[in-house]
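Input: a single structure, listed below in structure tokens.
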Amino acid sequence: MRLHDLFVRGLAGDAVAYRSFLQQLASHLRAFLGRRLFGWPDEVEDLVQECLLAMHNQRHTYQSDQPLTAWVHAIARYKMIDLLRAKSVREALHDPIDDEMALFADSAIEASDARRDLDGLLATLPDRQRLPIVHVKLAGLSVAETARLTGMSESAVKVGVHRGLKALAKKFAGGDRP
């Protein structure tokens, strides 16, 4: 409720309240995005700044009688999805460079490697399976949000998640990796 009050006061012209809102919101967004993009600290910070800019530019679309968190999280999710799409395209265009020092990697690098491996496995799936997994299981969107985003029915999203996870388990168990 405090963020909502600061935001509404900021919209009314209170610059101090708006600055405080942006600072507190940045902390909230870092935590929200950091949980979802573990291992990508640079991307989290970039995404926080993109979200703040988008929220500032779209502040006129906010309806003060609606929950602020829903509006904020919707913008953050869409920015995160854009990032995941861009990263999967960039990673698909370039082969990763193997480094013999990878044996000594710390947990952040290991998480990044795991993410790259996961992206490689997901790339082997058809879109009707890959997209539901990315949106529902990785980005944390609901089945309904994923259905709207992808143009699939809710039941198709559920089936896509189930079949995609089953296919990944089969590939992983059989050693059939990309």
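Can you find, within region 21-43, the residue that is farthest from the chain's Cα centre (by Cα) among those that are within 14 Å of A139 (Cα to Cα) and charged (D, E, K, R)? Here the answer is R35. Just one of the numbered conditions (1) modelled with pLDDT under 80; (2) assigned to a helix (DSSP H, G or I) is not true of A167: (1). If the condition is being in a helix (DSSP H, G or I) and either of a type in the set (D, E, K, R) or not assigned by TED's automatic domain parsing to the domain that holds T69 (or both), then region 5-27 contributes D5, R9, R19.
Residues are listed down the side, and each one gets a yes or a no for (1) in contact (Cβ under 8 Å) with a residue 24 or more places away in the chain; (2) part of a helix (DSSP H, G or I); (3) surrounded by 14 or more Cβ atoms within 10 Å (Cβ to Cβ):
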{"site": "L29", "(1), (2), (3)": "yes, yes, yes"}
{"site": "F32", "(1), (2), (3)": "yes, yes, yes"}
{"site": "E43", "(1), (2), (3)": "yes, yes, yes"}
{"site": "L47", "(1), (2), (3)": "yes, yes, yes"}
{"site": "E50", "(1), (2), (3)": "yes, yes, yes"}
{"site": "M55", "(1), (2), (3)": "yes, yes, yes"}
{"site": "H60", "(1), (2), (3)": "no, yes, no"}
{"site": "D65", "(1), (2), (3)": "no, no, no"}
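Yes/no matrix, rows are residues, columns are (1) outside the structural domain of A70 (by TED's automatic domain parsing); (2) of a type outside the set (D, E); (3) within 22 Å of A74 (Cα to Cα); (4) within 19 Å of the chain's Cα centre (by Cα):
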residue: D117; (1), (2), (3), (4): yes, no, no, yes
residue: R130; (1), (2), (3), (4): yes, yes, yes, yes
residue: K137; (1), (2), (3), (4): yes, yes, yes, yes
residue: A144; (1), (2), (3), (4): yes, yes, yes, yes
residue: A147; (1), (2), (3), (4): yes, yes, yes, yes
residue: S153; (1), (2), (3), (4): yes, yes, yes, no
residue: K170; (1), (2), (3), (4): yes, yes, no, no
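Annotation: of all residues in region 28-81 being within 23 Å of V8 (Cβ to Cβ), out of contact with any Leu (no Cβ under 8 Å at 6 or more places or on another chain) and hydrophobic (A, V, I, L, M, F, W, C), the one that is modelled with the highest pLDDT is L53.
The values are calculated or read from the model by the stated rules, or taken from the named source; none is laboratory data. Note that the coordinates shown come from a computational prediction; the quantities given were computed from them, not determined experimentally. Every residue, glycine among them, receives a Cβ derived from its backbone with ideal geometry; neighbour counts consider all protein chains shown.
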